[in-house]
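> Encoded as structure tokens, here's the structure I'll be asking about.
The values are calculated or read from the model by the stated rules, or taken from the named source; none is laboratory data. Fair warning: this is a prediction, and the values are worked out from it, not measured in the lab. A quick note on method: Cβ atoms are made from the backbone with ideal geometry, for glycine too, and the neighbour counts reach across all protein chains shown. In case anyone asks, the SASA skips ligands and DNA or RNA and just uses the protein heavy atoms, side chains included. Shrake-Rupley method; radii C 1.70, N 1.55, O 1.52, S 1.80 Å.
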Amino acid sequence: MNDILLFSVISLSAIGVAASVILFLIAQKFKVIEDPKIDVVEEVLPAANCGGCGYPGCRNFAEALVNSANKNKSIEGFNCPVGGSEVMGKVAEILGLEVEEQEPLIAVVRCNGSRANASQKISYDGPATCAFAHNLFSGENGCPYGCLGLGDCVVVCQFDAIYMNPETALPDVNDKCVACGACVEACPRDIIELRYKGKKDRRIFVSCVNKEKGGPARKNCKVACIGCGKCVEVCTFDAITLENNLAYIDYEKCKLCRKCVSVCPTGAIHELNFPSRKPKVEKTGEGDAALKKEKVIAAKKTESTKDNQQELKS
Amino acid sequence: MNMLIVSGSPHIHGDTSVKKIMYGVVYAMIPAMLVSVYFFGLGALRVLAISILACLLFEWVIQKYLIKGPLTINDGSALVTGVLLAFNVPSNLPIWILIIGAFVSIGIGKMSFGGLGKNPFNPALVGRVFLLISFPVQMTSWPVPKLLFGCQALTDAITGPTPLGILKGGLKMGKTVQELMTEMPSYVQELLGNQGGSLGEVSAIALIIGAIYMFVRKIITWEVPVAYFGSVVVFTGILWLIDPMLYVNPAFHLVTGGLMLGVFYMATDMVSTPLSSKGMLIFGLGCGILTVVIRVWGAYPEGVSFAILIMNAFAPLINMGFKPKRFGEKVIEA
Amino acid sequence: MSILKTFKPGGVNPAENKLSANRPIEILNPPGQAFIPINQNLGAPAIPLVQKGDEVKVGQLIARGEAFISSNVHSSVSGKVLKIDNVVDPSGYKRPTIVINVEGDEWVPGIDRSSEIKKLVTLSQKEIIEKIKEMGIVGLGGAAFPSHVKLMVPDGKKAEFLLINGVECEPFLTSDHRLMLEKGEEILIGTSILMKGLGVDKAIIGIENNKPDAIDHLSGLAENYDGIKVQPLKVKYPQGGEKQLIKAIINREVPSGKLPIEVEAVVHNVGTAYAVYEAIQKNKPLIERVVTVTGRYLSKPSNFLARIGTPISDLFEKASGLPENTGKIIGGGPMMGKALISTETPVVKGTSGILLFSEEEASRVPVKNCIRCGRCIKVCPMGLEPVLLAQLSEREMYTQAELENVMDCIECGSCHYTCPSGRPLLDYIRLGKSKVGQIIRNRGKK
């Protein structure tokens, strides 16, 4: 009996030792030499694997960072949108480099074609994806550039940062947005753009991407940009350009002076999170003043709904 | 004018629906139900009623309180599962066991995967096999058919083995097939259903009538039944030619046990079988071979339900391996 | 009768509903204002040649197709160009369109408007192709592929058969059927012109046997034409698909991703054959076409010979008004047609019919779980697995979808039609196709 016990113990141990030696040799032979810094850098990355940096995951991004640091002694051009400058600072510290402060970005939805502003003219019956509806027709409100309201951006967001607002049928972005750019990619109509978050979340942008002429654009949507060019004239910083009947505010040049907001005849230019101001009494005709009032109200509305949303979310 | 509706083509839809298919299966099972009531009396009626009610109830409760989705109780799939479960048990099964079977069928076999269409296994068979393993005694004491009007059915005093049971037991004791055949009902009796067994499996004729109805309504296709029957006949035929003393002839295999029921009503279950024609043929072939292997060499006298469940597990693999032939796939020599 | 030919695999048999089959073709007067899109063909849009304020006559060239796959556009009316503007066309989007205010009906000289039949073809093969291009002929079956391109056989290939598609497998539509009955002789002459243009001596006209009158009529006439045969076919959708028709008639399979010329066949529609006859023998460009206007609630389903650019509202008016309960307007047949978003959409070269559905008919059946019945696989004429492709597209697994040959899909809609769970299979497959197409194009760039 003891013999059997002894025999099995010895033979099993022998097999174990032999196997471990083989494993060790193989491990030596196929060893992958990796910079230990990669692990350290990966530690400080947010591990969201969102792909916002342009790499498939945080590990790949860490590898790219370390490679670049070793080769070019710089990590310029790399940015982790989720971690922002804080994380990039830490990464730079690990790699012994300095990093420029990058201004935080946020996703901005450039369409205000809510049901109230752009009435529904067609009803769509099919799978709830913008990508398909975009191939099929110009949209329930008739605007061939505007938001389709089926929420492809919401589906791709990994940060719970974008939601459809049932009242307006437009997506709202909240504070959780890390500007990974997934929604920008997902939107078949290129409505969403990454812009500077701005101090105190103050932003000014043209909330329209319609390239049609004024008449047809307004026919579908009350708050469309009609390409009148008033904002271009009034801007003192050359931040606004007009192309294909559409104004665009360059967020790098914009100084948030709000002059363009007050001259926009349709209220297509939005200001967010600015302190309210008294509407100036203008000398122009009544119609214009009325329009302007409408616009201020509209702007306030969006502002307040966004605030509400944020409160609700937080 | 109304608001115009926009959607992708096609703009018309055929007249098939899940509901029509499921109720079609139920209609097809009516002859077998009548036969079972005829042979097993009120006991059969009781089992049918309880199984159906329990399945519907579990479906409703789970869909409403656990899944919280739209109610699917109307689509007929729970009804089909209920009838099939009843078909797969003896008519004297205690009620509580039957209710456990219904719970396993619907709750574990179907709803835990997400409801109709998501289940990898045939729900009724999951329930049946669960009961067979858990309650082997109750599940295998079959009442001898007793005509309704000679009524002893409710008390079920007399129980007896199925033909397959006689065969298996007899062969173990060293008897030859010829000797055993004398102990069995004649083929005509077996075709009509005058044999021991579960509710639905006894009458081959009633099952075939239902199957013809399903073929006509295009609820089932020819691939699985043909491959299943074909492989059973060929396999058992080979064995029979080798030694008719030890192996019984193919005709016996066809008319006894749950083969007819399994082939037409469970191996053709859409959800748990492969999609393409080729895949279905492979599926039927596998089922047939496994059935015979279990019947001839296995511990259980009957192998249909195990065979189908095992092949259900292979269905995704078969789907990947056996694609339909694509149009224009073959490169034509110019 | 022996077993009728048809294609394999797949196919469905939707209810035919050919409501307007007995209505002779009515000639529609020119509209008050014509909207002529400059892109009416598959391929590149034409370049406009007219400006605001220009006077145009019927048959005048107003936009020229410069690219290889592109076709000319002619004015279908006479009058003054009001503007070149973006107007909603059948694509569901606004696209550049020449808007003409109609004044009178003055034709360009040289167009033979008589109904006299001219049999003698005098042009050479090259001249025929040139003339077809000049006259802006496109495939009138619905896809609107420029016809002259199909006649130009690529180097190293040859054509053996010309197949003429008189199948009209879409339910409701009857425009080709009526054309075959009323313009049989012209279609046969057009066919012989196409044969000459293609350089083949065999042509087969495929007609489904739900149109026995058309089969009899054309077979009778075809006896006088060398090499033209009429082939009755079993009714099955989508027999009118190019690849399916070739399979049905001459039993050859076009290889995946290749054109029909690969199996030495070229397919043209009967409507195209008629247009070719008019262009070559009568010098008349493609400015009008037969349009079926139909629907169960329409009191007078009809077949109209309408000018290109006529707003479809004019057609409803002629067919005794748009029904109150209209829920959907479809340009084309119910299986492959496109839902239109406006009653002012113009008739274009590819408009084979306008179909009206009530709100009830228009609504889709509720979507349920897939029960994996495999019916979509059985009916797919391309031997694909629609259920798998739709799932892959839905989950954005486009590379996998490409491997499963999503690009082979001909978008016939049989899968969605037959799905007992009412799943929008084709919608997702179409999405997958467009995404995979993008991926392939990007790959080509790199």
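> Tell me, which helices (runs of 4 or more DSSP H) wholly within region C:347-415 include 1 or more residues that are within 8 Å of chain B (Cβ to nearest Cβ) and at pLDDT below 90? I'd like the intermediate steps shown before the answer.
Values: elements: C:359-362, C:375-379, C:386-394, C:398-403.
Result: C:359-362.
> Only one of (1) charged (D, E, K, R); (2) under 14 Å from the mean Cα position of the chain (by Cα); (3) modelled with pLDDT of 90 or more; (4) open to solvent by less than 30 Å² (accessible area, probe 1.4 Å) is not met by A:Arg189, so which one is it?
The single condition A:Arg189 does not satisfy is (2).
> Looking at (1) open to solvent by less than 10 Å² (accessible area, probe 1.4 Å); (2) closer than 23 Å to C:His148 by Cβ, can you tell me which one C:Lys284 breaks?
C:Lys284 satisfies all of (1) open to solvent by less than 10 Å² (accessible area, probe 1.4 Å); (2) closer than 23 Å to C:His148 by Cβ except (1).
> When only residues in region C:318-331 that are open to solvent by 10 Å² or more (accessible area, probe 1.4 Å) and in contact with an Asp or Glu (Cβ under 8 Å, 6 or more places away or on another chain) count, which is nearest to the other protein chains (Cβ to nearest Cβ)?
Initially, region C:318-331 is screened for residues open to solvent by 10 Å² or more (accessible area, probe 1.4 Å), giving C:318, C:320-325, C:331.
With the extra rule that they be in contact with an Asp or Glu (Cβ under 8 Å, 6 or more places away or on another chain), the set shrinks to C:318, C:325.
Numbers: C:Lys318: 18, C:Asn325: 7 Å.
So, considering only residues that are open to solvent by 10 Å² or more (accessible area, probe 1.4 Å) and in contact with an Asp or Glu (Cβ under 8 Å, 6 or more places away or on another chain), the one nearest to the other protein chains (Cβ to nearest Cβ) is C:Asn325.
> Hey, another quick one. What's the number of the condition A:Glu34 fails, among (1) crowded, with 17+ Cβ neighbours inside 10 Å; (2) charged (D, E, K, R); (3) assigned to a loop (DSSP other than H, G, I, E, B)?
Only one criterion in (1) crowded, with 17+ Cβ neighbours inside 10 Å; (2) charged (D, E, K, R); (3) assigned to a loop (DSSP other than H, G, I, E, B) is unmet by A:Glu34, namely (1).
> Collect the residues in region C:430-446 that are more than 10 Å from every other protein chain (Cβ to nearest Cβ) and among the aliphatic types (A, V, I, L, M), keeping them in residue-number order.
C:Val436, C:Ile439, C:Ile440
> From the set of residues in region C:420-429 that are open to solvent by less than 50 Å² (accessible area, probe 1.4 Å) and more than 8 Å from chain B (Cβ to nearest Cβ), which is nearest to A:Cys130 (Cα to Cα)? Quick ask: steps written out before the conclusion?
Step one: filter region C:420-429 for residues open to solvent by less than 50 Å² (accessible area, probe 1.4 Å), giving C:420-422, C:424-429.
Subset that is more than 8 Å from chain B (Cβ to nearest Cβ): C:425, C:428-429.
Values: C:Leu425: 16, C:Tyr428: 12, C:Ile429: 15 Å.
The qualifying residue nearest to A:Cys130 (Cα to Cα) is C:Tyr428.
> State whether one or more residues within region C:370-377 are touching a residue at least 24 places away in the same chain (Cβ under 8 Å) and open to solvent by less than 10 Å² (accessible area, probe 1.4 Å).
Looking for residues that are touching a residue at least 24 places away in the same chain (Cβ under 8 Å) and open to solvent by less than 10 Å² (accessible area, probe 1.4 Å), one finds at least one in region C:370-377, hence yes.
> Mind checking whether some residue in region A:54-70 is at pLDDT below 80 and open to solvent by less than 100 Å² (accessible area, probe 1.4 Å)?
Within region A:54-70 (the criterion being at pLDDT below 80 and open to solvent by less than 100 Å² (accessible area, probe 1.4 Å)), the answer is yes, since at least one residue qualifies.
> Give me a count of the residues in region C:205-223 that are surrounded by fewer than 21 Cβ atoms within 10 Å (Cβ to Cβ) and in contact (Cβ under 8 Å) with a residue 24 or more places away in the chain.
6
> Still on this structure, please answer the following. Scan region C:293-317 for residues that are away from every other protein chain (no Cβ under 14 Å) and within 21 Å of C:Val88 (Cβ to Cβ) and jot them down.
Listed by number, the residues that qualify are C:Val293, C:Phe304, C:Ala306, C:Arg307, C:Ile308, C:Gly309, C:Thr310, C:Pro311, C:Asp314, C:Leu315.
> Continuing with this model, one more query. Output yes when any residue across region C:192-204 is buried (at least 24 other Cβ atoms within 10 Å of the Cβ) and not in a helix (DSSP H, G or I), and no when none is.
The answer is yes; a qualifying residue exists.
> Would you mind finding the one in B:Ala313, B:Ala227, B:Ala307, B:Ala299 that is part of a loop (DSSP other than H, G, I, E, B) and over 30 Å from C:Lys243 (Cβ atoms)?
Working: B:Ala313 fails: part of a loop (DSSP other than H, G, I, E, B); B:Ala227 fails: part of a loop (DSSP other than H, G, I, E, B); B:Ala307 fails: part of a loop (DSSP other than H, G, I, E, B).
Result: B:Ala299 is the single residue among B:Ala313, B:Ala227, B:Ala307, B:Ala299 that is part of a loop (DSSP other than H, G, I, E, B) and over 30 Å from C:Lys243 (Cβ atoms).
The rows are residues; the columns are (1) in the same structural domain as B:Leu167 (by TED's automatic domain parsing); (2) crowded, with 20+ Cβ neighbours inside 10 Å; (3) charged (D, E, K, R).
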residue: B:Lys218; (1), (2), (3): yes, no, yes
residue: B:Glu223; (1), (2), (3): yes, yes, yes
residue: B:Gly230; (1), (2), (3): yes, no, no
residue: B:Ile242; (1), (2), (3): yes, no, no
residue: B:Met245; (1), (2), (3): yes, no, no
residue: B:Asn249; (1), (2), (3): yes, no, no
residue: B:His253; (1), (2), (3): yes, yes, no
residue: B:Gly258; (1), (2), (3): yes, yes, no
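> Could you tell me which numbered condition A:Asn210 fails, if it satisfies all but one of (1) touching a helix residue (DSSP H, G or I) at 6+ places or on another chain (Cβ under 6 Å); (2) in a strand (DSSP E or B)?
Just one mismatch for A:Asn210, condition (2).
> Within region B:40-76, count every residue that is in contact (Cβ under 8 Å) with a residue 60 or more places away in the chain and within 20 Å of B:Val25 (Cβ to Cβ).
3
> Let me ask something additional. Of all residues in region C:50-99, which are farther than 30 Å from C:Pro154 by Cβ, open to solvent by 10 Å² or more (accessible area, probe 1.4 Å) and in a strand (DSSP E or B)?
Result: C:Glu55, C:Lys80, C:Leu82, C:Lys83, C:Ile84, C:Asp85, C:Asn86, C:Val87, C:Val88, C:Lys94, C:Arg95, C:Pro96.
> I want to confirm something. Restricting to region A:160-173 and keeping residues that are under 14 Å from A:Ile192 (Cβ atoms) and touching a residue at least 40 places away in the same chain (Cβ under 8 Å), which single residue is most open to solvent (accessible area, probe 1.4 Å)?
Applying the first criterion (under 14 Å from A:Ile192 (Cβ atoms)) to region A:160-173 yields A:161-164, A:170-173.
Of the ones still in play, those that are also touching a residue at least 40 places away in the same chain (Cβ under 8 Å) are A:161-163, A:170-173.
Numbers: A:Ala161: 3, A:Ile162: 6, A:Tyr163: 82, A:Leu170: 10, A:Pro171: 8, A:Asp172: 15, A:Val173: 23 Å².
The extreme case among them is A:Tyr163.
> Could you check how many residues of region B:99-125 are more than 14 Å from chain C (Cβ to nearest Cβ), surrounded by 23 or more Cβ atoms within 10 Å (Cβ to Cβ) and touching a residue at least 40 places away in the same chain (Cβ under 8 Å)?
Qualifying residue count for the region: 6.
> Yes or no: region C:166-174 includes at least one residue that is at positive phi, open to solvent by less than 50 Å² (accessible area, probe 1.4 Å) and not in a helix (DSSP H, G or I).
From region C:166-174, those at positive phi are C:168, C:172; that's our starting set.
Adding the requirement that they be open to solvent by less than 50 Å² (accessible area, probe 1.4 Å) leaves C:168, C:172.
If we keep only those that are not in a helix (DSSP H, G or I) as well, we get C:168, C:172.
Taking every residue of region C:166-174 in turn, at least one turns out to be at positive phi, open to solvent by less than 50 Å² (accessible area, probe 1.4 Å) and not in a helix (DSSP H, G or I).
> B:Ser276 passes all but one of (1) under 25 Å from B:Ala32 (Cβ atoms); (2) among the polar types (S, T, N, Q); (3) within 14 Å of chain C (Cβ to nearest Cβ); which number fails?
(1)
> Just for region A:82-103: of the residues that are under 22 Å from the mean Cα position of the chain (by Cα), assigned to a loop (DSSP other than H, G, I, E, B) and crowded, with 16+ Cβ neighbours inside 10 Å, which one is farthest from the other protein chains (Cβ to nearest Cβ)? Walk me through how you get there before you give the answer.
Applying the first criterion (under 22 Å from the mean Cα position of the chain (by Cα)) to region A:82-103 yields A:82-89, A:100-103.
Checking the rest, the ones that are also assigned to a loop (DSSP other than H, G, I, E, B) come to A:82-83, A:100-103.
Imposing the further condition that a residue be crowded, with 16+ Cβ neighbours inside 10 Å reduces the set to A:82-83.
Details: A:Val82: 22, A:Gly83: 26 Å.
So the residue we want is A:Gly83.
> Does B:Ser91 count as modelled with pLDDT under 90 and crowded, with 24+ Cβ neighbours inside 10 Å? Full working, then the answer.
Working: modelled with pLDDT under 90: yes; crowded, with 24+ Cβ neighbours inside 10 Å: yes.
It is true that B:Ser91 is modelled with pLDDT under 90 and crowded, with 24+ Cβ neighbours inside 10 Å.
> Confirm whether A:Arg218 is free of Cβ contacts under 8 Å to residues at least 60 places away in the same chain, open to solvent by 50 Å² or more (accessible area, probe 1.4 Å), out of contact with any Gly (no Cβ under 6 Å at 6 or more places or on another chain) and assigned by TED's automatic domain parsing to the domain that holds A:Thr266.
Details: free of Cβ contacts under 8 Å to residues at least 60 places away in the same chain: yes; open to solvent by 50 Å² or more (accessible area, probe 1.4 Å): yes; out of contact with any Gly (no Cβ under 6 Å at 6 or more places or on another chain): yes; assigned by TED's automatic domain parsing to the domain that holds A:Thr266: yes.
Yes.
> Yes or no: A:Ala179 more than 10 Å from chain C (Cβ to nearest Cβ), in a loop (DSSP other than H, G, I, E, B) and open to solvent by 30 Å² or more (accessible area, probe 1.4 Å)? So that I can check it myself, show each step before the final result.
Details: more than 10 Å from chain C (Cβ to nearest Cβ): yes; in a loop (DSSP other than H, G, I, E, B): yes; open to solvent by 30 Å² or more (accessible area, probe 1.4 Å): no.
So A:Ala179 does not fit the description; no.
> When residues of region B:4-41 are filtered for being open to solvent by 50 Å² or more (accessible area, probe 1.4 Å) and at the interface with chain C (Cβ under 8 Å from one of its Cβ atoms), how many remain?
Let us first name the residues in region B:4-41 that are open to solvent by 50 Å² or more (accessible area, probe 1.4 Å), namely B:13, B:15, B:19-20, B:23, B:27, B:30, B:34, B:38.
So of that shortlist, the ones also at the interface with chain C (Cβ under 8 Å from one of its Cβ atoms) come out as B:13, B:20.
Qualifying residue count, region B:4-41: 2.
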